[in-house]
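Below is one structure, written out as structure tokens, with a few remarks after it.
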Amino acid sequence: MRLEFTPEEEAFRQEVRAFVEAELDPAIKAKVERGLRLEKADYVAWYTKLYEKGWITPGWPEDHGGPGWTPIQKYLFDEETLLGGAPRIIASGINMLGPVLIAFGTPEQKEKYLPAIRRSESWWAQGFSEPGSGSDLASMRTTAVRDGDHYIVNGHKIWTSYAHFCDKLFCLVKTDRDVKAQEGISFLLIDLDSPGIEVRPIKLYEGGNDLNEVFLDNVRVPVENLIGEENKGWTYAKYLLGHERTGIAGIGASKQQLLRVKRLLAEQDMADDPHFRRRVAELEIELLALEATGLRILGENQVFSAPGAEASMLKVRGTELRQDIFELLYEVAGSAAIPFSEDAMRLEGKDPLIGDDERASLAANFLDSRKLSIYGGTNEVQRNVTAQMLLRG
């Protein structure tokens, strides 16, 4: 199987590759390639370069600051930036809230929020999951009660990615408990510096705190911060999650880590080992099949159509493949991958017991990869979604 792009698409690929080589800070590139921890300043530095180029919101339409790319161009941009060692675009305001605002927000909301998102002046966290209500969002217990021109919000959100980076929260809340679960949910925009909000970091296995808890105690939110209609938030959430799960497939990220596998094999004079050659070939075939499926879906959908079951399929296979690659990295490095030190996760970190820079982060990277099949809706739930949408009737 061969995936071929048009001459125009290949020219665009080269343009992106040249831009990354010219503009990416070598220190940030070194962190990404070695699997080290990135700080908010690293992301903002790279996002600022993309903003100045007009590339920071690759999936947005032109009239809202997007570059006007085709789905294939967006795909090539993602692949080439990751292969070039650039950080992923993790900002939820860009990947999740932006499309929802563009599709369902008022003109005033779009004018107020979208430019600041593009300039990385405001960072948004996703307030969906709750204790005991992760993939089953409809069972959430956070409430919003109307009080004049405000909602009074009380509740507890968890697994809130990068909330410690953020100043705002887009949040699902219960506004009507007397109707079916999905019909009583609304979508609110909340300032994280509002009185009554506390953000607590969750310490992860690999030492990071990308995930957080958010506690909301009688938080007053202006009614003008409601997206769309009251009690219709489930519609907007499904639209958002379709875009999130398509991106979670992580084809570019898988290619990035496969290059890392090959580099480690070459450094250890193991590139011709039959076992590892077979494992690499198997993963490359699996990745090629996933890529072909993803490109086929891109060809069938417009940039801003809401993906359906195909998004769940890509999420499941893509995250499992990425976990397989991290397991192979761990196997290739052998005993050198076993030690773990938080100090070694920083570019300037020094820990002589851990070994060289290339292997020092592998234990943390492997542990971190276990969450891939959980966030964005667990893979078990996504299999149910796929079955219900494709096999019913």
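For the range 18-89, give me every one of the helices (runs of 4 or more DSSP H) that falls completely inside it and has 3 or more residues that are of a type outside the set (Val, Ile, Thr) and more than 22 Å from Leu114 (Cβ to Cβ).
Correct list: 26-34, 71-83.
Can you name the residue in the range 45-62 that is over 24 Å from Lys31 (Cα atoms) and under 17 Å from the mean Cα position of the chain (by Cα) and is also modelled with the highest pLDDT among such residues?
Step by step, filter the range 45-62, then rank; the result is Trp60.
If I ask for residues that are of a type in the set (A, V, I, L, M, F, W, C), over 12 Å from Glu331 (Cα atoms) and in a helix (DSSP H, G or I), which ones from the range 261-276 would you list?
Passing the criteria: only Ala266.
Out of all the residues in the range 159-183, which are β-branched (Val, Ile, Thr) and either open to solvent by less than 20 Å² (accessible area, probe 1.4 Å) or out of contact with any strand residue (DSSP E or B) (no Cβ under 7 Å at 6 or more places or on another chain) (or both)? Write out each step before concluding.
Pass one, the range 159-183, residues β-branched (Val, Ile, Thr): 160, 173, 175, 179.
Passing the criteria: Thr160, Val173, Val179.
Enumerate the pairs (first residue in the range 2-22 and under 15 Å from Glu80 (Cα atoms); second residue anywhere and open to solvent by 70 Å² or more (accessible area, probe 1.4 Å) and in a helix (DSSP H, G or I)) with beta-carbon separation below 7 Å, excluding pairs fewer than 6 apart on the same chain, so at least 6 apart or on different chains.
What qualifies is Phe19/Lys53.
Going by the conditions given, is Glu198 surrounded by fewer than 18 Cβ atoms within 10 Å (Cβ to Cβ), touching a Phe, Trp or Tyr at 6+ places or on another chain (Cβ under 6 Å) and assigned to a strand (DSSP E or B)?
When the stated conditions are applied, Glu198 passes them.
Quickly run through the range 208-234 and pick out the residues that are farther than 16 Å from Leu172 by Cβ, exposed (fewer than 15 other Cβ atoms within 10 Å of the Cβ) and at pLDDT 95 or above.
The answer is Asp217, Asn218, Pro222, Val223, Glu224.
So which of Gly84, Gly155, Gly127, Gly105 is within 17 Å of the chain's Cα centre (by Cα), open to solvent by less than 50 Å² (accessible area, probe 1.4 Å) and either within 22 Å of Ile374 (Cβ to Cβ) or of a type in the set (Gly, Ala, Ser) (or both)?
Every option except Gly127 fails the conditions.
Which of the following residues is surrounded by 16 or more Cβ atoms within 10 Å (Cβ to Cβ), at pLDDT 80 or above and not β-branched (Val, Ile, Thr): Ala363, Ala344, Ala311, Ala387?
Ala363
Just name the residue that is modelled with the highest pLDDT out of those in the range 96-151 that are part of a helix (DSSP H, G or I) and among the hydroxyl-bearing types (Ser, Thr, Tyr).
Across the range 96-151, the extreme among qualifying residues is Tyr113.
The values are calculated or read from the model by the stated rules, or taken from the named source; none is laboratory data. Quick caveat, the model's predicted, so the values are computed rather than measured. All Cβ positions, glycine included, derive from the backbone under ideal geometry; neighbour counts span all protein chains shown. The accessibility values were calculated without ligands, DNA or RNA, using every heavy atom of the protein model including side chains. Shrake-Rupley method; radii C 1.70, N 1.55, O 1.52, S 1.80 Å.
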